[in-house]
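The values are calculated or read from the model by the stated rules, or taken from the named source; none is laboratory data. None of the values given here were measured: they were computed from a predicted structure. Glycine also receives a Cβ, built like all others from the backbone with ideal geometry; neighbour counts cover every protein chain displayed.
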Protein chains: 2
Amino acid sequence: MTIKLTDQEISDALAQLKGWELREGKLCADLEFENFISAFAFMTKIAMHAEKIDHHPEWRNVYRNLSIALTTHDAGGLSAKDLALAHAIDQELGR
Amino acid sequence: MTIKLTDQEISDALAQLKGWELREGKLCADLEFENFISAFAFMTKIAMHAEKIDHHPEWRNVYRNLSIALTTHDAGGLSAKDLALAHAIDQELGR
């Protein structure tokens, strides 16, 4: 069982992340790329990170748009794993 | 402007495809793979087909599940492009 973050921990984390917001308890970001190739290439990078840390995003891609939602099912909310993945995504975005 | 398929054409096409259904006018399929690696590997194959025929899916991936919705925005409905992509997906699935 993964430990769920407290509201305070989530609030502190959001202040450090860029372009993320809470929606229905999930950590969400909407990204727009130049085109489909760029969007899917980015997804491929994140897929590698996700598999490596064994924590995977819920994500939806439509052409150059990518919406990501992070949550930890076995914690019943957000956990440190979501923050790690969000930070990896921010780093890949260079933001 | 891409030509929109008629209801009859859509009905005929659905009879030839496997595991697809209409939802809100879009051609949809829900797929389940062994794990995330398999799901994302499949998405990568389809991404190549999509880019090649310049027609891209709306798709959502959550771990080993992949939901695909096909539509042609500039036709205002389904077109032959959606059928081509659906057939390519069926072929990759070996079904």
**Message:** Where the second residue is of a type in the set (S, T, N, Q) and part of a strand (DSSP E or B) and the first is closer than 16 Å to A:PHE42 by Cα and at pLDDT 95 or above and lies in region B:44-60, which pairs have Cβ atoms under 7 Å and are six or more apart or on separate chains?
**Reply:** B:TRP59/A:ASN61; B:TRP59/B:SER67; B:ARG60/B:SER67
**Request:** Could you check A:ARG60 against (1) touching a strand residue (DSSP E or B) at 6+ places or on another chain (Cβ under 8 Å); (2) within 12 Å of chain B (Cβ to nearest Cβ); (3) over 16 Å from B:GLU58 (Cα atoms) and say which number it fails?
**Result:** (3)
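Condition check: closer than 23 Å to B:HIS49 by Cα, hydroxyl-bearing (Ser, Thr, Tyr) and not in a loop (DSSP other than H, G, I, E, B). Does A:SER11 satisfy that? Write out each step before concluding.
Values: closer than 23 Å to B:HIS49 by Cα: no; hydroxyl-bearing (Ser, Thr, Tyr): yes; not in a loop (DSSP other than H, G, I, E, B): yes.
When the stated conditions are applied, A:SER11 does not pass them.
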**Asked** Is it true that some residue in region A:61-76 is touching a residue at least 60 places away in the same chain (Cβ under 8 Å) and at positive phi?
**Response** yes
**Prompt:** Can you tell me which residue in region A:1-51 is farthest from A:ARG64 (Cα to Cα), limited to those that are buried (at least 18 other Cβ atoms within 10 Å of the Cβ), within 14 Å of chain B (Cβ to nearest Cβ) and aliphatic (A, V, I, L, M)?
**Reply:** A:ALA50
**Complete:** Taking region A:53-85 and keeping only residues that are within 24 Å of A:ILE37 (Cβ to Cβ) and assigned to a helix (DSSP H, G or I), one is left with A:LEU85
